[in-house]
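Student: The structure under discussion is supplied below as structure tokens; questions concerning it will follow.
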Amino acid sequence: MLIGLTGGIGSGKTAAANHFESLGIDIVDADLASRAVVEPGQPALDSIAEHFGPEIIGADGGLDRAQLRKLVFAEESERKWLQRLLHPLISEYLAQQIRESTSTYCLLVNPLLLESGQSQWCKKIIVVDTPLETQIQRTMSRDDNNREQVQSIVNAQMSRDDRLSAADFVLLNDQGIDELNTNVENIHQELVDLCQKQPT
Ligand code: ATP
């Protein structure tokens, strides 16, 4: 059974996923997949270099992500080109990992789970929910960004209410790590029970 986990920037998706993993659950991470498909040796990296020119490859032979971000940010058609190239590859990469999962259920972690349509692959959706001020403070200290930078990312993301309206489980992360872990364990238990009732 596939379960999706999402939430806004700095809401605690990684912290939560780490605890699901310690409970024996396989984690499939969409951010890692989007990096894996453009690693050196992957055909997508050659296509990107052909399209944008060899300057897009850094001195270490890897993709210059900052440069690519600038190019696609400036030009909508380039962004669309890149999405058309990468989305099927990322989907296939994720699907493969999901097929290989052997845990009671498999957790797909994606900040853009709802926007990407991948939520349709999932039996249930968990939304990590953190009060805005806590989310901003934690992200500022993790990324060494100022309030304005974090706020502008939050503003560009799906609203908290829209995300919550898609949730089957709300994973509250408004206190310490111990409380987060307890909330993870409670949802985990419900999911294990669900898998026993409706094995797929
Ligand atoms: P992103 O979408 O930006 O990748 P995320 O949702 O994965 O973020 P995390 O990286 O898990 O969020 O958490 C953001 C920061 O807040 C991290 O530094 C993490 O250690 C910290 N954090 C998360 N939950 C808690 C908590 N309950 N108490 C204290 N710190 C926390």
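Student: Kindly provide the helix-only [θ] at 222 nm of the chain, computed as the sum of -39,500 (n - 2.57) over DSSP H runs of four or more divided by all residues, to the nearest 500 deg cm²/dmol?
Tutor: -17500 deg cm²/dmol
Student: Which GluC sites (Glu not before Pro) in the range 114-156 sit in a loop by DSSP (not H, G, I, E or B) and have at most 10 other Cβ atoms within 10 Å of their own Cβ?
Tutor: When the GluC sites (Glu not before Pro) of the range 114-156 are filtered for loop state and at most 10 Cβ neighbours within 10 Å, nothing remains.
Student: Could you check the spin-label model distance between GLU55 and SER159? Points 7 Å from the Cα along Cα→Cβ, value in nm.
Tutor: Label at GLU55, label at SER159, 4.1 nm between them.
Student: Right, another one. Report the GluC sites (Glu not before Pro) located in the range 28-78 that are in a DSSP loop and have at most 13 other Cβ atoms inside 10 Å of their Cβ, or state none.
Tutor: Here the GluC sites (Glu not before Pro) that fit, given the DSSP loop and packing criteria, are GLU75.
Student: Determine the shape class of the chain: with a ≥ b ≥ c the square roots of the Cα gyration tensor eigenvalues, call it rounded for a/c under 1.5, and otherwise prolate if a/b is greater than b/c, oblate otherwise.
Tutor: It is oblate, given that a/c is not under 1.5 and a/b is not larger than b/c.
Student: Towards the positive end of the charge dipole of the range 32-102, with charges on Cβ (+1 Lys, Arg; -1 Asp, Glu), say which of ALA59, GLN96, VAL38 has the farthest Cα.
Tutor: Ranked along the dipole, the leading option is GLN96.
Student: Right, next: Any idea what the alpha-carbon Rg over 2.2 N^0.38 Å comes to for the range 32-102?
Tutor: For the range 32-102, the normalised Cα radius of gyration is 1.16.
Student: Here's something else I'd like to know. About its Cα centre, how strong a charge dipole does the chain have in debye, to the nearest 20, once Lys and Arg get +1 and Asp and Glu get -1 at the Cβ?
Tutor: Charge dipole of the chain: 320 debye, to the nearest 20.
Student: Sorting MET158, MET1 by accessible area (1.4 Å probe), largest first, what list results?
Tutor: Listed by decreasing accessible area, they come as MET158, MET1.
Student: State, to one decimal in nm, how far the label point of SER22 lies from the label point of THR102, with both points 7 Å from Cα in the Cβ direction.
Tutor: Spacing of the two 7 Å Cα→Cβ label points: 2.4 nm.
Student: OK, next. What whole-number distance in Å separates the alpha-carbon centres of the range 30-100 and the range 125-200?
Tutor: 27 Å
The values are calculated or read from the model by the stated rules, or taken from the named source; none is laboratory data. Just so you know, these numbers come straight off a predicted model, no measurement behind them. Quick reminder, even Gly has a Cβ in these numbers, built from the backbone with ideal geometry, and neighbours come from all protein chains shown. Just so you know, the surface numbers come from the protein's heavy atoms only, side chains and all, with ligands and any DNA or RNA stripped out. Shrake-Rupley method; radii C 1.70, N 1.55, O 1.52, S 1.80 Å.
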